[in-house]
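Please treat every number below as a calculation from the coordinates, not as lab data. Model, not experiment: these values are computed from the prediction. As a convention, Cβ positions derive from the backbone with ideal geometry for all residues, glycine included, and neighbour counts pool all protein chains shown.
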Amino acid sequence: MAVFDLHVHTTKGSSDSSLTPQQLLERALELRLDGVCLTEHGGGWDQREIDRVFSTSELTVLAGLEVETEMGHVLVYGMRSYVNGMSTVRDLRRAVDRAGAVMVSAHPFRNLFDRKPNTRNLLFPDSSKGPTTARQAADHPLFDIVDDVEVVNGGNTEEENRFAVDLARDLGMKGTGGSDAHSTHGLGGCLTVLDGDVRTEGDLIEVLKAKAFTPVQRLENGDPAAFS
């Protein structure tokens, strides 16, 4: 078993983050995490740089991406930089398949329940046509394209996360968890427990494709617990 934060942003590759790599390392070790995935908005991490910054610690650090598409943000594991043909979700799917990677819808229901004429949700911007149940939301074409859905996100409200949990259940998906941290605040608050000893990018991809993982949240006593 390996406890990972699968959604983290640092100053290295995300312009909206204030979390330095050193702060990430120190805080992740304090929280006794086994690993983190750097899902930077702009990429920026190659293996040599990861080794230089993190190799002297026991923390497993892997690199991925968070890609903005016309169907919302998508987390990609198994790719570290942008390539031609990632402008739409379907183009991204083709790029991910070529790389043998995995794509996960990130915080799909953020701002869905805003009490405004139009929400800021990227999947359902027209609140008058937005879903009222997870089963209705499951009809969105995005969920036929991605491999899974992030159901526990540290930047979401509990209502948004629970709606995502219900969606994943309707779709037969497992759901991932990640803090979406852009600072030390909230890092490790939402996590994914991966089956097996995950040390490499290949290990992570294997576990994600096998659906051998569970989304969790960290409780006040520091222990992770299933989000349900």
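Tabulated results
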item	result
Angle in degrees between helix 89-99 and the longest Cα principal axis of the chain, rounded to the nearest 10	30
For the chain, calculated [θ]222 nm from helices alone, where every DSSP H run of n ≥ 4 adds -39500 (n - 2.57)	-7000 deg cm²/dmol
Longest to shortest principal axis, alpha-carbon extents of region 25-93, angstrom	38, 24, 15
Long-range amide H partners of HIS73 with built H, under 5 Å	ALA106
Stokes-Einstein D in µm²/s, Kirkwood radius over Cα pairs - region 2-226 at 25 °C with 0.890 mPa s viscosity	141
Sites excluded, GluC sites (Glu not before Pro) in DSSP loops with at most 14 other C-beta within 10 Å, longest stretch of the chain	71-219
Amide H contacts of THR176 (H built 1.01 Å from N, under 5 Å, at least 5 apart or other chain)	VAL149, GLU150, VAL151, VAL152
Using θ = phi - 60° and Karplus 6.51 cos²θ - 1.76 cosθ + 1.60, couplings along region 192-203 (whole Hz; Gly, Pro as x)	10, 8, 9, 6, x, 9, 9, 10, 10, 4, x, 4
Normalised alpha carbon radius of gyration of region 137-228 [divisor 2.2 N^0.38 Å]	1.09
Relative contact order, percent, region 2-226 [alpha-carbon distance under 8 Å, six or more residues apart]	21
Simple Cβ-charge dipole of the chain, Lys/Arg +1 and Asp/Glu -1, about Cα centre, in debye nearest 20	380
With at most 15 other Cβ atoms within 10 Å, longest stretch of the chain clear of loop trypsin sites (Lys or Arg not before Pro) (DSSP)	33-114
Derived scalar couplings ³J(HN,Hα) [region 6-19; Karplus, 6.51 cos²θ - 1.76 cosθ + 1.60; whole Hz; x for Gly, Pro]	8, 8, 9, 10, 10, 5, 5, x, 9, 5, 8, 9, 10, 7
